[in-house]
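Structure record follows, encoded as structure tokens.
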Amino acid sequence: MKKLMTGNEAIARGAYEAGVKYASAYPGTPSTEILENIALYKDKIKAEWAPNEKVAVESAAGASIAGARTVASMKHVGLNVAADPLFTIAYTGINGGFVIITADEPGQHSSQNEQDNRNYARSAKVPMLEPSDSQEAKDMFKEAFEISEKYDTPVLYRLTTRLCHSKSIVECEDRKEVGIKEYVKNPNKYVTVPAVSKVLRVKVEERMHKLEDFSNMTNLNYMEINNTKIGVITSGMCINFSKEVFGKNASYLKLGFTFPMPDEKIKEFASKVDKIYVIEENDPFIEEHVKALGIECHGKDVFPAYGEMTPDVIRKAVYGKTFDYIETNEELLVPRPPTFCAGCPHRGLFYELGRRKDVVVSGDIGCYTLGFAHPYNAMDCVVCMGASLGSGHGAQQVFNMIEGNKKRVVGVLGDSTFFHTGINGLLDIIYNKGNSISIILDNRITGMTGHQQNPGSGYTLQGEETTQISIEAVVKACGIKNVRVINPNKLDEVNDALDWALENEEASVIITRWPCALKKFSPQDIEEFDKPFTTKCKVLEDLCIGCKKCTKTGCPAISYNKDIKKSNIDRNQCLGCEVCAQVCPKQAIVKEGE
């Protein structure tokens with residue numbers, strides 16, 4: 001059976017065919033759809049969203065120790081969070097096969113950095129595979145479990161955005177039922193006290209030597225000899241980009257098993273070609289290894305050190321120009337920066353927060369990061385997932401040292417981010433007697449990555465009802481005495497809560513609670529929020545004075561008609577949150593029917 005699949009869908013199929021029993025992940029572009037598609041095989045695979053990537057790897061490691069084939073999946077920055085268990089599992093090894101997926105993002109389409117996670121394979125001393133299309137993504141994923149079990153090791157499986165989201169034909173096969181291996185108590189393998197770890201460290205090096213032999217023998221690394229004037233050494237999607245540029249005018253060494261690298265194959269390939277280009281995305285990972293073998297090659301001296309190595313990038317780097325194309329007059333393009341959706345519950349909060357003087361806002365990773373932009377200008381820094389409360393606390397402690405200083409720091413993060421790594425920041429505040437203000441934006445879902453469930457949503461990934469974790473209960477359990485829950489669409493509530501928090505000399509927490517405008521509402525949502533988004537707003541033109549204050553809320557449903565000098569609301573976009581009505585000085589915006 002053949003299907004057209006994205007790389008993410010193909011990997012999910014590979015997990016099914018490989019006999020995987022357990023999978024855990026935290027959502028993050030470009031990896032999100034992997035676990036979502038694995039979850040569809042609910043009769044065979046237990047799939048779960050974890051609160052963060054560290055927990056996902058730890059859960060999958062436990063499932064592996066218990067004897068099942070397991071998967072943990074995340075985007076590239078998620079592996080930073082999961083690095084702690086990764087480096088230790090590299091020592092202990094596995095029982096059931098264990099594959100850790102890292103979805104890197106050359107070009108930074110939706111990420112705060114562009115790190116190259118191939119470096120984790122080298123640092124942790126674990127084998128790594130890199131597929132180059134959807135068929136390989138499925139087939140190599142199955143092979144990864146065989147490698148994991150043969151060599152007693154977790155396997156790192158590196159993807160990139162272009163592979164995750166592009167589609168190609170995949171030949172699907174039946175599932176291979178792999179039984180759960182017997183669990184045998186073995187503290188000398190799994191209890192990593194120093195005396196045990198020192199012994200395991202030696203075994204890691206022994207394993208690496210075996211994997212080096214495998215790398216030279218496996219068909220995952222192969223040569224394609226064509227024109228010997230140019231040779232290309234590459235991996236992942238870059239083989240496709242390279243072939244689009246050079247075609248049969250070059251020979252190729254395609255590395256699918258990229259750590260440890262096949263030294264003998266690299267030397268053999270080098271002996272067959274006159275000039276070598278190493279084409280890879282981000283760091284000179286392969287290039288440095290090739291040069292360390294004493295082989296002359298061209299890599300980052302020719303190609304950019306960052307971004308995707310698309311055919312145009314390669315063509316321009318090698319030949320000095322790309323194909324002719326119709327140039328666009330960028331001055332005529334209408335800028336379309338991302339913005340909060342119409343009805344987004346974050347709008348009211350950031351509208352008012354941006355108007356506050358002597359407030360420094362420490363932001364976080366999520367839809368609400370857009371609060372930094374016009375017209376809100378309500379964010380000063382963003383570091384990483386869950387960092388808003390911790391970095392906000394540190395900044396507040398410094399401001400408190402300055403005599404006469406009145407600056408207050410507000411840390412802002414979403415509900416899923418709070419569960420991810422925000423709780424620790426809150427503990428830091430209360431433990432160290434901080435007085436920063438924390439705002440948790442509870443829109444009842446993990447919004448930015450496409451509406452995945454989280455511990456506060458009341459449902460599991462595979463649709464089962466579960467305990468809905470109360471954010472305010474967690475906040476109070478952390479020791480916060482001053483807690484308020486508000487509707488962020490009501491600007492009076494927002495301002496009153498901000499005044500209350502700014503006047504409070506102790507640490508305080510504001511929880512804004514209203515569902516994401518795009519969310520498929522659960523029965524609890526409809527009951528709790530009294531059927532949200534049922535009546536739209538409209539502009540009474542005879543009362544509108546054209547002051548444009550409503551447009552400063554940043555709502556995409558509102559526009560200004562220059563001809564009649566009046567505002568207008570597109571009812572197809574409007575969800576009736578009424579933030580615009582509250583800022584109108586002439587009460588010219590009302591609900592339909594009023």
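The values are calculated or read from the model by the stated rules, or taken from the named source; none is laboratory data. Source: prediction; values computed, not measured. All Cβ positions, glycine included, derive from the backbone under ideal geometry; neighbour counts span all protein chains shown.
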- Message: So in the stretch 548-594, with the set limited to residues that are assigned to a loop (DSSP other than H, G, I, E, B) and among the aliphatic types (A, V, I, L, M), which one is farthest from residue 341 (Cα to Cα)?
- Response: 564
- Test residue 162 against the stated conditions and say whether it is under 18 Å from residue 234 (Cβ atoms) and buried (at least 24 other Cβ atoms within 10 Å of the Cβ). no
- Filter the stretch 165-217 for residues that are hydrophobic (A, V, I, L, M, F, W, C) and surrounded by 14 or more Cβ atoms within 10 Å (Cβ to Cβ) and give the result. 170, 172, 178, 180, 196, 200, 204, 208, 211, 214
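Residues in the stretch 522-547 that are out of contact with any Phe, Trp or Tyr (no Cβ under 8 Å at 6 or more places or on another chain) and either over 30 Å from residue 450 (Cβ atoms) or assigned to a loop (DSSP other than H, G, I, E, B) (or both): how many?
Residues meeting the conditions: 15.
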- Message: For the stretch 66-78: of the residues being touching a helix residue (DSSP H, G or I) at 6+ places or on another chain (Cβ under 6 Å) and not charged (D, E, K, R), which is farthest from residue 113 (Cα to Cα)?
- Response: 70
- Message: Go through the stretch 416-441 and report how many residues are under 16 Å from residue 370 (Cα atoms) and touching a strand residue (DSSP E or B) at 6+ places or on another chain (Cβ under 7 Å).
- Response: 3
- Item | Lone unmet requirement of (1) modelled with pLDDT under 95; (2) part of a helix (DSSP H, G or I); (3) of a type in the set (Asp, Glu) for residue 352 | (1)
- Task: Look through the stretch 496-542, keep the residues that are touching a residue at least 24 places away in the same chain (Cβ under 8 Å) and aromatic (Phe, Trp, Tyr), and return whichever of them is farthest from residue 368 (Cα to Cα).
- Result: 533
- Among strands (runs of 3 or more DSSP E) entirely inside the stretch 161-268, those with 1 or more residues being in contact with an Asp or Glu (Cβ under 7 Å, 6 or more places away or on another chain), outside the structural domain of residue 279 (by TED's automatic domain parsing) and hydroxyl-bearing (Ser, Thr, Tyr) are 167-171
